[in-house]
Every structure is written in structure tokens, then in C-alpha cells.
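Visitor: Right, I'll just put the structure down here and ask away after.
The values are calculated or read from the model by the stated rules, or taken from the named source; none is laboratory data. Keep in mind that what you see is a predicted model, and the values were worked out from it rather than measured. In this analysis, Cβ positions are derived from the backbone assuming ideal geometry, glycine residues included, and neighbour counts consider all displayed protein chains. Accessible surface is based on the protein model in full, side chains and every heavy atom, while ligands, DNA and RNA are left aside. Shrake-Rupley method; radii C 1.70, N 1.55, O 1.52, S 1.80 Å.
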Amino acid sequence: MMHYRSLFRFSHYPVLQSLCDRADPNLLANFELMKQSNERFLNITNKVINYGGTVAHQKLAERNKFPVRERITRLLDVGSPFLELSQLAGYELYGKEEVPSGGIVTGIGLINKRFCMIVANDPTIKGGTYYPITVKKHVRAQEIAWENKLPCVYLVDSGGANLMRQDEVFPDRDHFGRIFYNQANMSAQGIPQISIVLGSCTAGGAYVPAMSDENVIVSGNGTIFLGGPPLVKAATGEVVSAEDLGGARVHSFTSGLTDHFCTSELEALQKGRSIIKNLTTKQVGDIRDDQPLYDIEDLNYLMSSDLKKTMDSRHLIARLLDGSRFMEFKENYGTTLITGFGELYGQEVGIIANNGILFSESALKGAHFVNLCQQRGVPLIFLQNITGFMVGRKYETEGIAKHGAKMVNAVATATVPKLTLLFGGSFGAGNYGMCGRAYGAKFLFSWPSSRISVMGGDQAAGVLTSVQQQTIVRNGGEWNEKVEKDLKQKYSQKYDYESSAYYATARLWDDGIILPTQTRQTLGLALLTSMQHYKYERTGHGVFRM
Ligand code: COA
């Protein structure tokens, strides 16, 4: 039904022309750089996913446990996609202390044809305890679930708060307590909260199942208690085993904290699937996959990880949208910003893509287009490669700050689902106008070659060095070419390190790094998830022609 309607409605959209001559020396040079960037990403990801190797897996097998990602695979429908979020959270975040994937795996997959949010502790990373980044990732997964009304399934196997970092995980608003606050409020709004207890749930961790609507527990491995045996002994002198204190039998037969008693992980995961089956939440229907006309692999030739090189975003759009069909809006005005309509997996979308620096006209065009999509209830996809807004006397005089603010305002107040992809630079206020993290994008992904910082490294080194020069000279210090060169190098290196996609994703400034070739599928899944329960909201004003 939807297919017919969308075909009828959009069949007249023109097909983008986007040739890729892979023998072109320029494109080959791009490819060499992109290849390096992609390989680095794959190497890091492989290490993170396989952390602990066979030793860790053997230890789990001895305890009759599956590795965390295998648990998820067995929980999801056969062949279901899994949109894993922030796989590299925590990467190089705590010095020598490695916390692969932040110690927790989160993501969206299908259980009995329903999109669900899975939050799964990894017991091989410090007993599944919560580092600050673990808490942040868990809370972000809940935020996505809440916004998109996704049932939450928690695969619990955790020693609770990481006691060495209690000051960073316990007391603040978005710390451990927020997890349970979110559970209570999601449940109150009809968003199911299900726990499958596969290991420890100690202290604060006990509240994950305790605050859930329905619980499953595995006998022999699952335990739930506010204070473990050592704490009980220290507090009251009572000596009791973990199983007798809070094992599956205690909670399923006596305390009533759990609802389903299972004898194996496999049985528990199957039970979890059955619970989801009887929910009344929407099932995902057939999805139309009208592939683009051009090979997505071309992106590794047409795009570059050298951000000084010009990249024509139309090449990306041509490999993102259904049938490569795209109707540009204001094609001949404010040309450093591309705006227009197309479809992704049969869902109509508005595209906003950088194609150069933002000038006043491009900002006004962006604001107009966002308003238009908001008025029509069309979701927005922002494709970011932005060095910022134009600076200089001429531009300040013509009011670039106020024009840019209109775009930022339109983006901030738009309530249609917004998705963002960083495929190049994300610098300065350009990040705001193009729906950076602070602007409520439902999902935000980055390519491995992308960079994000308040300004580019060279510019920042120039500004910082000149500020420092003034201070040194004012205080009668020595200033010469060598001092200047050394300082510039120092600042440039700092920016180089801090602006990398890895630095950003480790801190959860995005929802994960993806390869260029994963762009269509990832944004498509994110879009389908975001549109499932979207309800059109009228704006308080009409469309402003800028
Ligand atoms: N905080 C910080 N580190 C912790 C921790 C915690 N709450 N719980 C465990 N760890 C560390 C251990 O010191 C160990 O570190 P190491 O690998 O550097 O030696 C690592 O996590 C694995 O712990 P281990 O006990 O060997 O693993 P396990 O799989 O046999 O047991 C637990 C895991 C979580 C069941 C067990 O460690 C435990 O009961 N921990 C205490 C939980 C607790 O009381 N939490 C209170 C939270 S408020």
C-alpha cells in the first residue's frame, strides 16, 4: 500500500547523475586514503569485539554462559539486522584500563518482528560493572528507546557500580539512578521493560530487574541482591551463599522478584522472545528496498578523508536515496547547501547536505527548508561536512550571525525526526546549524574519517598562538620564530588528536562510527525506527520565506 502511494507520489523525482571513474588518478588517491581510514576502523573494531579472546569465552562456557553478542543474536529473530550503537564507546578513555564497548552492548533489533532496544552487560569486562561511560551508554540507549517507544530488553549480568569510580557513577542526575528513573517512566508510558537475569545483579544493579515489568532468571547463574554475601557478613555477621541469598529459586518461589524460572540461558532467551510476542506494540511490515542506481563502494573513491579536498555531496545523496532519485529545492540559490526531497526505504525524507562553507544565503535556504519539512511532517537527514559559517567584515556586516541563527533556530525547534551523519568535518557553529548532538537528532553517526571540533586544528593553533604571544610579550618574555613554531605544532597536535572520530565516539558524542558503505543501511534502519511512532505536530507558525 505504502509502495504504491510513494511510487505514485515521487515517480517524477529526477535521477541524480553521479559518475565514478575509478581509474581517475584523483579518485584513486582518495581511495588510498579512505582505505587506510576504513582499515584502521575495522582493526580497532575487531579488537574491541574480540577482547579477551578464547580465554574469556572459555571461562564463560565453563559457567554455561554465551558471550554477550551471541546472547543478543539468539534473542533476536533469525536474520534480524542489529543496529549496534556506540561500539567504540570507552575507546582509550581510561588510559591503560580498557573498557571495550564501554562494558555494555546496546542496539536495536527485531524480536518477533518488533523493533526492540537491547541493553546487555558484558560480564567479561570487570564483572560487567558500570564505569561512567557504561552508565552514559545505558542511559543513551534508554533515551533512544523512550523517544522511539521501543520495548527494552535488559540482559543483566553485572556487579553494579564500579566501586573505584563511585563518585563518577553514583550521585549526579544522569548517573546510575537515572537508569531506574527511566525504567519507571517508560513503563508508566506503556513502553515495556523486560529483564533477563543471566548473572549477577548486585546492589544498584538489582534494581534493573526490580524496576522491570516482567523478569526471567536463569537458575545457577542469576542472582539478585541489594548486598552480596561479603557485605552481608560485614554488616550483620550472617554467612550465606549467593544462591541462598538471591538465586533463581529464592526469587521465583519465595520473594516473587522474578516471574519466570529457567534452567539455561537458551531457555531464558526464548522466554524473553515469548514475552515480546504477546506485546501489543507494532510489528514491522515489509520494507521496500529500491536500491540506488550507483554502487555504494564508489563512496570510497568519490569522498576523501583529506578534508581539505572538495567533496560533492550529490555523490553521497545519489548512493543513499531510493533509485538515486532526488528533487532539489532552491537548486540555484545558496548553493553551498544542498536541500531537497527523496525517499529512503520507501519513506520520504528531506535532505540537507553541506557542499561548501555556509554563507548567509545558504543558512536562509536551510532555515526555509527545515520549516517546510516541519510543516509537512517530513523527517530530515543532515549530511555534515562543514568547516563553519563564513567569517570576515563583509559577512559580519551583512548579518551572517543573525542569518545563521535562523537556521540554528529552525533546526532546534523542528520536531520531525532528525538524523545526522558526519561524513567530513563538523566544525564550529556549522555543527549547530547542521543538527549536531545538542540539536536532538534521533541518531547521529560518523564516518571513520570525520572530524569534529570547535574549529580546525590549523585555525585553532593560529588563534591560541597569537593569544599566547600577546601574553608573553606583555610580560616581557621572549618571542621568536622557534617559540611560535613549537607552540603552533603543540596546539595543532592536540586538535588533531581530539578531533578524531575515535575521540568523539569514545565519549558518546555520536551513536557510533560506520563505514561509508554502511551509510544507506544504517540511516535506513534509524529512519524506520524513528518513524514507527512519529505523530505529526503542527508548528506554531507558517513557513517563513527567508
Ligand atoms: N567495582 C570495581 N571492580 C569490580 C567490582 C566492582 N563493583 N566487582 C568486580 N570488580 C572487578 C574485580 O576486582 C576484577 O578485577 P581484575 O580483573 O582487575 O582482578 C574484575 O572486576 C572481575 O571480577 P571477578 O570477581 O574476578 O569476576 P567474576 O565474574 O567471578 O564475578 C562479580 C563478578 C561482579 C559477581 C563479583 O566480582 C562481585 O560480586 N563483585 C562485587 C559486586 C558488588 O558488591 N557491587 C556493589 C555495587 S554498589
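Visitor: Just to be sure I understand, how many residues within region 132-163 are among the aliphatic types (A, V, I, L, M), within 9 Å of the ligand (Cβ to nearest atom) and over 19 Å from ALA89 (Cα atoms)?
Guide: To start, the set of residues in region 132-163 that are among the aliphatic types (A, V, I, L, M) comprises 133, 135, 139, 141, 144-145, 150, 153, 155-156, 161, 163.
If we keep only those that are within 9 Å of the ligand (Cβ to nearest atom) too, we end up with 161, 163.
Adding the requirement that they be over 19 Å from ALA89 (Cα atoms) leaves 163.
Total meeting the criteria: 1.
Visitor: Hey, another quick one. Which pairs turn up if I take residues in region 158-186 that are among the polar types (S, T, N, Q) and look for partners that are more than 8 Å from the ligand (Cβ to nearest atom) with beta carbon separation below 6 Å, at least 6 apart in sequence or on another chain?
Guide: Close Cβ pairs satisfying both conditions: SER158/ASN121; ASN162/TYR130; ASN162/TYR131; ASN182/GLN142; GLN183/GLN193; GLN183/MET211.
Visitor: Next question, about the same structure. With the condition kept exactly as written, say whether any residue in region 190-203 is polar (S, T, N, Q) and modelled with pLDDT of 95 or more.
Guide: yes
Visitor: Of the residues THR471, THR522, THR517, only one is loosely packed, with under 15 Cβ neighbours inside 10 Å, outside any loop (DSSP other than H, G, I, E, B) and hydroxyl-bearing (Ser, Thr, Tyr); which? Show your work before the answer.
Guide: Details: THR522 fails: loosely packed, with under 15 Cβ neighbours inside 10 Å; THR517 fails: loosely packed, with under 15 Cβ neighbours inside 10 Å.
Being loosely packed, with under 15 Cβ neighbours inside 10 Å, outside any loop (DSSP other than H, G, I, E, B) and hydroxyl-bearing (Ser, Thr, Tyr) holds for just one of THR471, THR522, THR517, which is THR471.
Visitor: Would you check which residues across region 178-203 are more than 12 Å from the ligand (Cβ to nearest atom), open to solvent by 30 Å² or more (accessible area, probe 1.4 Å) and of a type outside the set (Phe, Trp, Tyr) and list them?
Guide: ARG178, ALA184, ASN185, SER187, ALA188, GLN189, GLY190
Visitor: Looking for something under 30 Å from VAL156 (Cα atoms) and touching a Phe, Trp or Tyr at 6+ places or on another chain (Cβ under 9 Å) - is there at least one such residue anywhere in region 282-299?
Guide: Yes, region 282-299 contains a residue that is under 30 Å from VAL156 (Cα atoms) and touching a Phe, Trp or Tyr at 6+ places or on another chain (Cβ under 9 Å).
Visitor: Next question. Restricting to region 478-512, give me the number of residues that are open to solvent by less than 20 Å² (accessible area, probe 1.4 Å) and of a type in the set (Val, Ile, Thr).
Guide: Total meeting the criteria: 1.
Visitor: Exactly one condition in (1) farther than 17 Å from LEU380 by Cα; (2) assigned by TED's automatic domain parsing to the domain that holds THR519; (3) of a type outside the set (Ser, Thr, Tyr) is false for ALA461; which is it?
Guide: Looking at each condition in turn, ALA461 falls short on (2).
Visitor: Can you name the number of the only condition in (1) open to solvent by less than 10 Å² (accessible area, probe 1.4 Å); (2) away from the ligand (no atom under 16 Å from the Cβ); (3) within 20 Å of ASP510 (Cα to Cα); (4) touching a residue at least 40 places away in the same chain (Cβ under 8 Å) that VAL119 fails?
Guide: (4)
Visitor: Mind checking which helices (runs of 4 or more DSSP H) fall wholly inside region 369-433 and carry at least 1 residues that are under 24 Å from SER305 (Cβ atoms) and either open to solvent by less than 10 Å² (accessible area, probe 1.4 Å) or of a type outside the set (Ser, Thr, Tyr) (or both)?
Guide: Per the criteria, 430-433.
Visitor: Can you find a residue in region 438-461 that is surrounded by fewer than 21 Cβ atoms within 10 Å (Cβ to Cβ), of a type in the set (D, E, K, R) and at pLDDT below 95?
Guide: Scanning region 438-461 turns up at least one residue that is surrounded by fewer than 21 Cβ atoms within 10 Å (Cβ to Cβ), of a type in the set (D, E, K, R) and at pLDDT below 95.
Visitor: Sort out which residues of region 285-342 are aromatic (Phe, Trp, Tyr) and part of a helix (DSSP H, G or I), and write them in order of number.
Guide: TYR301
Visitor: Would you please name the residue that is farthest from the chain's Cα centre (by Cα), looking only at residues in region 141-155 that are in contact (Cβ under 8 Å) with a residue 60 or more places away in the chain and not in a helix (DSSP H, G or I)? Before the answer, list the steps.
Guide: Initial filter on region 141-155 (in contact (Cβ under 8 Å) with a residue 60 or more places away in the chain): 144, 147-151, 153, 155.
Next, only the ones that are not in a helix (DSSP H, G or I) stay: 149-151, 153, 155.
Details: LYS149: 17, LEU150: 16, PRO151: 18, VAL153: 18, LEU155: 20 Å.
Going through the qualifying residues, I end up with LEU155.
Visitor: Assuming PHE170 fulfils every condition listed in (1) within 16 Å of the ligand (Cβ to nearest atom); (2) among the hydrophobic types (A, V, I, L, M, F, W, C); (3) closer than 17 Å to LEU76 by Cα apart from one, which condition is it?
Guide: Condition (3) is where PHE170 drops out.
Visitor: Of these, GLN468, GLN489, which one is farther than 21 Å from LEU380 by Cβ, touching a Leu at 6+ places or on another chain (Cβ under 8 Å) and not aliphatic (A, V, I, L, M)?
Guide: Being farther than 21 Å from LEU380 by Cβ, touching a Leu at 6+ places or on another chain (Cβ under 8 Å) and not aliphatic (A, V, I, L, M) holds for just one of GLN468, GLN489, which is GLN468.
Visitor: Could we say that THR73 is free of Cβ contacts under 8 Å to residues at least 24 places away in the same chain and touching a strand residue (DSSP E or B) at 6+ places or on another chain (Cβ under 8 Å) here? Full working, then the answer.
Guide: Numbers: free of Cβ contacts under 8 Å to residues at least 24 places away in the same chain: yes; touching a strand residue (DSSP E or B) at 6+ places or on another chain (Cβ under 8 Å): yes.
Spelling it out, THR73 is indeed free of Cβ contacts under 8 Å to residues at least 24 places away in the same chain and touching a strand residue (DSSP E or B) at 6+ places or on another chain (Cβ under 8 Å).
Visitor: Answer with yes or no whether GLU84 is open to solvent by 80 Å² or more (accessible area, probe 1.4 Å) and either at pLDDT 95 or above or β-branched (Val, Ile, Thr) (or both). First the steps, then the outcome.
Guide: Values: open to solvent by 80 Å² or more (accessible area, probe 1.4 Å): no; either at pLDDT 95 or above or β-branched (Val, Ile, Thr) (or both): yes.
It is false that GLU84 is open to solvent by 80 Å² or more (accessible area, probe 1.4 Å) and either at pLDDT 95 or above or β-branched (Val, Ile, Thr) (or both).
Visitor: Out of the residues in region 225-255 that are more than 21 Å from LEU198 (Cβ to Cβ) and within 41 Å of the chain's Cα centre (by Cα), state the one that is modelled with the highest pLDDT.
Guide: VAL232
Visitor: Does TYR294 meet the test of being away from the ligand (no atom under 16 Å from the Cβ), open to solvent by 20 Å² or more (accessible area, probe 1.4 Å) and among the aromatic types (Phe, Trp, Tyr)?
Guide: So TYR294 passes the test.
Visitor: Being open to solvent by 40 Å² or more (accessible area, probe 1.4 Å) and in a loop (DSSP other than H, G, I, E, B) is the filter here; which residues of region 268-284 pass it?
Guide: Hits for region 268-284 are ASN278, THR280, LYS282, GLN283.
Visitor: Separate question: Among the residues of region 311-332, is there at least one that is β-branched (Val, Ile, Thr) and over 24 Å from the mean Cα position of the chain (by Cα)?
Guide: No: region 311-332 contains no residue that is β-branched (Val, Ile, Thr) and over 24 Å from the mean Cα position of the chain (by Cα).
Visitor: Suppose the filter is in contact (Cβ under 8 Å) with a residue 24 or more places away in the chain, hydrophobic (A, V, I, L, M, F, W, C) and away from the ligand (no atom under 12 Å from the Cβ); does VAL218 pass it? Full working, then the answer.
Guide: Details: in contact (Cβ under 8 Å) with a residue 24 or more places away in the chain: yes; hydrophobic (A, V, I, L, M, F, W, C): yes; away from the ligand (no atom under 12 Å from the Cβ): yes.
When the stated conditions are applied, VAL218 passes them.
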